[in-house]
Amino acid sequence: MKLEDTSERLSKLEFYGGTLGVLFPFFIFVIGVITIALSGAPDERGFWPVLILALGIGLMLCKNRTAFSEAVISGMSQKIVMIMITAWILASIIGILMTLTGFVEALIWLSDQVQLSGTGFVIATFIICCIVSLSTGSSFATILICSPLLYPSGGILGAHLPALAGAIIGGATFGDFIAPISDTTIASALSQDAKIGATIKSRLKYVLPAAFLALVAYFIVAYSSGSEEGISKASSLGNPKGLPMLLVPAFVIYLFLKGKHLLHGLLFGLLLGTLLGLVLGLLPISEVLSLDLENFAAKSFIIDGINRAVGLSIFTILLMGLVATLKASGLMDKLVDFAATRANTEKHAEGWIAGVMSIAVLLTTHSIVAILMVTDFTKKTGERLGVSPIRRANLLSLIACIFPFMLPYFIPVILMANMTNTGEEFGIPQVSPFEVGLYNFMSWGLLLMALITLLFGWGKTKLKNDEED
């Protein structure tokens, strides 16, 4: 999936206060979101006022307010934004459909049959999500597909909820780093002229230790914090009649494996699920569409799904508008130029590549945008100081799979927190964005591997070519 970088076509923005003026609105946003996340409030609607305030401050500090406004609108109207919002809407509808047709109860029944405890369910969730993300190459798709099915089921089984949410996003992170069709894998490898096959093979030395550490951490947390009360509750709630609905996520994953568009896979999955539910008698026709004439309203599981996606969608639109003003300011260009003059040795080059990529990710809040912004710097600096193409690609992907999946103001973390509201119908509380990132042990494992890589040269060989790292 290619992203449009519109900043080059827009007027360069200048701010009162220089660099501080550029960053101040973003600081307001980050501080506000982190404060709300730490308070335990999981509803992303609470982030709307913070983003509006940040945009308003940015407008006041910008010297050309018309250009600022154009940059915001341009950022909001990017193709990728509409793709994400459409995907979240369809996935939310599918999630409600699967709940209505009894698939959660069927999954609980199945877990009860194999005597899977809350701790075991957390471990199984992480493994399942690793497989799904490896198959689809999409962290978003993994979260959207797996959360409505696994989070309520694990919650009823007594699983530790933050660890359960962390296992889902952790599994999604796994595929984002190593899947052959992951946009992160493709962007990082191709931008550095590295062969994708050799790059994936080289990443095993990073991802397998990180995944092992994550498994151990999930087991320890889930075992020490889980509740056994859910097991008896699961026995009474379990019902196998919704098992045929397993065809829906399986069909969606199949379409993704065939290379179909995200919209294609989700829309066809929704159509199949609706038809299957109606034919099997699991979905009452009144849930598809009914009219409440007394209150002049229509009711439908589709409407409920769209309503569920509204908070995250508006958050994304506003955030992409704010990020566009940072890009249009040229701040990243200055950072890249500064770093290029400071890298003098191979080890320094690796440190600067990781550092500049980290800043780019933290400021743009989007891993692919960040990779595209630092591509030239990474390639030229690496070539000049002898950093192999594969190693450069791996450094970019390591950073891209750490911060966006850990920090509470990034879209993947907000999305995962949003998807935990799928347990509401079963009386299972939501998890805050702060907890989601804190319990994503896969990204913590990758952070540890990144530090070992930079400090001790982990993964480096004497040969620097496209076949070895």
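The values are calculated or read from the model by the stated rules, or taken from the named source; none is laboratory data. Just so we're clear, the structure is a prediction, and the values are computed from it rather than from any experiment. Cβ coordinates were reconstructed from backbone atoms using ideal geometry, including for glycine residues, and neighbour counts include every protein chain displayed. Heads up: the accessible areas ignore ligands, DNA and RNA and are worked out on the full protein's heavy atoms, side chains in. Shrake-Rupley method; radii C 1.70, N 1.55, O 1.52, S 1.80 Å.
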Relative contact order as a percentage, region 160-310, C-alpha pairs under 8 Å and 6+ apart, gives 13
Evaluated at 37 °C and 0.692 mPa s, the Stokes-Einstein D of region 324-469 based on the Kirkwood radius over Cα pairs, in µm²/s, stands at 199
If the chain between Lys241 and Thr345 were fully extended at 0.36 nm per residue, the gain over the current Cα-Cα distance would be 31.1 nm
Note to self: C-alpha centroids of region 158-185 and region 398-447 sit apart, in Å, by 9
For Ile80 and Asp193, extending 7 Å from Cα along the Cα-Cβ vector and measuring point to point gives, in nm, a value of 2.5
Taking a probe of 1.4 Å and leaving out DNA, RNA and ligands, the chain shows per residue an accessible area in Å² of 41
Counting only DSSP loop positions in region 378-469, the GluC sites (Glu not before Pro) whose Cβ has at most 15 other Cβ atoms within 10 Å are Glu467
Measuring from the longest principal axis of the C-alpha atoms of the chain, the long axis of helix 139-156 (C-alpha) lies at a number of degrees, nearest 10, equal to 40
Taking trypsin sites (Lys or Arg not before Pro) as exposed when in a DSSP loop with at most 15 other Cβ atoms inside 10 Å, the chain has its longest clean stretch at 64-257
Under 5 Å from the placed amide H of Gly102, counting only residues 5+ away or on other chains, we find none
Of every hundred units of 1.4 Å-probe accessible area on the chain, the number belonging to carbon and sulfur atoms, as a percent, is 66
In degrees rounded to 10, the 0-90 angle between helix 389-400 Cα long axis and the longest Cα principal axis of the chain is 50
Dividing the alpha-carbon radius of gyration of region 230-378 by 2.2 N^0.38 Å, where N counts its residues, gives 1.66
Once amide hydrogens are built 1.01 Å from N within the peptide plane, the residues lying 5 or more places from Phe15 or on another chain with amide H under 5 Å from its amide H are Lys63
Taking only the alpha-carbon positions of the chain as identical scatterers, the Debye log10 I(q)/I(0) at q = 0.07, 0.10, 0.11, 0.12 Å⁻¹ comes out as -0.37, -0.74, -0.89, -1.05
D (µm²/s, integer) via Stokes-Einstein for region 290-354, Kirkwood Rh across alpha-carbon pairs, 10 °C, 1.306 mPa s: value 96
Flagged as over-length at 30 Å C-alpha distance, from Lys201/Lys334; Lys195/Lys260; Lys201/Lys347; Lys79/Lys195, the pairs are Lys201/Lys334
Taking only protein heavy atoms and a 1.4 Å probe, the highest-to-lowest accessible-area order of Trp88, Trp352 is Trp352, Trp88
Calculated from DSSP helices alone, with each H run of at least 4 adding -39500 (n - 2.57) and the total divided by the residues of the chain, [θ]222 nm to the nearest 500 comes to -23000 deg cm²/dmol
Highest mean packing first, using Cβ neighbours within 10 angstrom, the peptides 275-284, 288-297 sort as 275-284, 288-297
